[in-house]
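Accompanying notes for the structure given below.
The values are calculated or read from the model by the stated rules, or taken from the named source; none is laboratory data. Everything numeric in this text was worked out from a predicted model, so none of it was measured. We place every Cβ from the backbone using ideal geometry, glycine too, and count neighbours over all the protein chains shown.
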Amino acid sequence: MKNELIKPQGLVKNANRRQFLRTGTLSVAAAGLLLVGCNDDEDMMPPMDGGVMLGSGDIGILNYAYALEQLEAAFYATVIKGGYFANASAEEKQVLGDVEKHERAHKEFFKAALGSAAIADLEVDFSSINFGDRMSVLTAAKTFEDLGVAAYNGAGQFIEDVNYLVIAGKIVSVEARHAAAIRDLINPGSADFAGDDLIDANGLERTLNFSQVLTAASTYVTTPIDFSQLPTA
Amino acid sequence: MNLLNLLDKMCPETSSPEEKDMFFSRREAFRQFGDMGKKVAMAAVPLGLLSALPKVAKADTASLIGVLNFALTLEHLEYRYYQMGIESGVIAGADAAIFNKIRDHELAHVNFLSEVISSVLKGTPVSEPAFDFTAGGNFSPFTDYPTFLALSQAFEDTGVRAYKGQAGNVMENDVVLTAALSIHSVEARHASMVRRLRTKKGQDTVKGWITNGSIGTLPAATQAIYTGEENVTHGGVNVVNLTGIDAGAVSEGWDEPLNKDQVLGIASLFLA
């Protein structure tokens, strides 16, 4: 799991831009103006060509969630068309078939809720996953579900509108239910469903910040994602 | 949750330079733990040290204490239930790893919440109530394993809804909100596991997620735990109409909150 957290691809570009903004002596207001102008400076910033800008405030966080749900939905859409799923046990078909519907519903929900503020469809690259192989699929599913939980748990503190916070809360517990089920398919009857790799001695599940999550996701998402306007406090 | 983050978010609200120094030097000590990558060791140490932090910024402390004491009451219930279950011998040997882990988490939650209430918020943690897990002689969870599993599911699904219902009440405090979310997802993992375990044993047909607010084969007294879970409209969007996905699957994809009174109504069945 940990190895998958350090493979920046598209995000390197983002990091450069952030670095640029950080090292400049721009005031916060000036930095904001520059970022607002991002769509216009694509000539000046070729790395962002074809990328998406999540935006700021709650909209930015909803787009962040939408990006993750797009990734999950695309993954399960591929899973249920793959060789492993075709021959999977009844239990595993039920779990993965259900999760595919849930993630598709989450994705479509965010797209509708965001309306014109929604980011474009992300391009995904699942070439590192063998959809004919049970362990390859389940391991990837575990990665995505655990990542989703940590992402929502980490983002909650930045949400301003209580209604959005509750919606995120309604979804994150379902992602956790998925994660536990998939972990139990991998190692049945063990304590892995809520394993010590994720849950600390205080009984608290890990959280990941925007950068950690998007860096992990960038293994599978080829569209550059600019998250520089997301809240930091 | 990373306790470095937690420490970062806590502002030493004190005019005493001495306490500020203590705060920052202790935070620095945590960073060094972090550098060593000893995440578990770090997590195990810190709460005693939090006594150096007089206050958490921003929020209404009394209100936070109230919410956390409510959560602590539920954690007391869960911990005691699993501890008694383990001591009773009712749990099948093959499932011991599962319930030992759940028990450990509930105990950790009891200790964590107690410590945050007393050391960080300077409040008084509620003491453990007396429980009656037979609910007045109606259940025998410590002699009948299917009943033990059924009530376990009921408690975990209640816990998920209870934490979710309090998120808005602690959102002004980033540290407490993040901690609550980090407990919430652990309860959801427990719930998923226990639900699937019951179905694997042929005691129910429930899945890891809640379909249409169904109680499955749980006793009718548990209906309040699931009522409302059939909801398919979120933020004004009817997701069934939007997607064409069946209502059962859409209801599974979103868990619903319960407020404090609803949860206490459920928990009161098990108060002695």
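Somewhere in the stretch A:152-166, is a residue of a type in the set (S, T, Y), crowded, with 22+ Cβ neighbours inside 10 Å and more than 7 Å from every other protein chain (Cβ to nearest Cβ)?
yes
Out of (1) small (G, A, S); (2) part of a helix (DSSP H, G or I); (3) buried (at least 16 other Cβ atoms within 10 Å of the Cβ), the odd one out for B:G216 is which?
(2)
Go through the stretch B:197-221 and give me each residue that's within 23 Å of B:K101 (Cβ to Cβ) and touching a helix residue (DSSP H, G or I) at 6+ places or on another chain (Cβ under 6 Å).
Result: B:R198, B:Q203, B:D204, B:V206, B:G208, B:W209, B:L218.
Hey, could you check the stretch A:196-233 for residues that are aliphatic (A, V, I, L, M) and not in a loop (DSSP other than H, G, I, E, B) and say which is surrounded by the most Cβ atoms within 10 Å (Cβ to Cβ)?
A:A217
Scan the stretch A:58-86 and report the pairs whose first residue is under 24 Å from A:I225 (Cα atoms) and whose second residue is of a type in the set (G, A, S), with Cβ atoms within less than 6 Å and a gap of 6+ or a chain change.
Matching pairs, first to second residue: A:I59/A:A117; A:I61/A:A155; A:N63/A:G55; A:L68/A:G148; A:L68/A:A151; A:L71/A:A217.
Pull out all pairs, ordered by first then second residue, where Cβ-Cβ is under 6 Å, the residues are six or more apart or on different chains, the first lies in the stretch B:84-98 and is more than 10 Å from every other protein chain (Cβ to nearest Cβ), and the second is surrounded by 14 or more Cβ atoms within 10 Å (Cβ to Cβ) and of a type in the set (A, V, I, L, M).
B:G85/B:I91
Residue by residue through the stretch B:167-206, note down the ones that are over 20 Å from B:S118 (Cα atoms), in contact with a Ser or Thr (Cβ under 7 Å, 6 or more places away or on another chain) and either within 8 Å of another protein chain (Cβ to nearest Cβ) or at pLDDT below 95 (or both).
Hits for the stretch B:167-206 are B:H184, B:S185, B:A188.
I'd like the residue in the stretch A:95-119 that is among the charged types (D, E, K, R) and more than 7 Å from chain B (Cβ to nearest Cβ) and, out of all such residues, is surrounded by the fewest Cβ atoms within 10 Å (Cβ to Cβ).
Only one residue fits best here, namely A:K111.
For the stretch A:87-129, name all the residues that are more than 20 Å from A:K142 (Cβ to Cβ), among the charged types (D, E, K, R) and free of Cβ contacts under 8 Å to residues at least 40 places away in the same chain.
A:E108
So which pairs qualify, if the first residue must be in the stretch A:192-208 and facing chain B (nearest Cβ under 7 Å), the second must be in a loop (DSSP other than H, G, I, E, B) and not charged (D, E, K, R), the Cβ gap must be under 6 Å, and the two must be at least 6 apart or on different chains?
Listed pairs, sorted by first residue: A:L204/B:M1; A:E205/A:L198; A:R206/A:L198; A:T207/B:M1.
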